[in-house]
């Protein structure tokens, strides 16, 4: 049995969506504390107090993309990751790392600019720069999306889940998707998957 620690509308939705798509039973522990969690029991699992964290038969793993990759590889029958040796495996790694290392930090700078600056002017500058960079990054992503129906072609994978959530994290997601129609169409297809739609409802995401 898996235990997933997370919060509403955070990166914990990525492993939760993967678990739902896999159909594996899991316990969901929803943390409600604002900001980093200070509960000592949770800090013993993840010392920075952030989410998500997965406990898998005593093994503790955190970071949403890492958990998604672990689960996809552990359940190959679900085809949430191209098999080793498949040419699409390289693109799978590329998108997971790119979305996690290049796109998600902009989300953090948009919503938590106070992590990166102390003065009001500095916080405003960090946020404004992140918003401008986010718009530019998504316009670049638009040029990299193929004919689909999914990010890696005809196989729905964990990359689609991470892509879907990062797009929804954008500070003005409706406008961004309207300006980048391939991004918007892909997000719409992912959102229409029954288990993703149920997860959206659970997290209050329209």
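Quick notes
- Protection proxy ranking, highest mean first, for peptides 141-150, 60-69, 180-189: 60-69, 180-189, 141-150, where packing is the per-residue count of other beta-carbon atoms within 10 Å, averaged.
- The gain in end-to-end length when the residue 57 to residue 188 segment is fully stretched comes to 43.7 nm, 0.36 nm per residue minus the alpha carbon separation.
- Reported label for calculated Rg and Dmax of the Cα atoms in Å given (1) 17.0, 51; (2) 17.7, 51; (3) 17.3, 61: (1)
- Its DSSP H runs of at least 4 residues, each contributing -39,500 (n - 2.57), put the calculated 222 nm mean residue ellipticity of the chain at -16000 deg cm²/dmol, to the nearest 500.
Since every read-out is calculated from the coordinates, none of them should be taken as a lab result. The model shown is predicted, which means the values in this text are computed figures rather than measured ones. Positions of Cβ are backbone-derived with ideal geometry, glycine not excepted, and every protein chain shown enters the neighbour counts.
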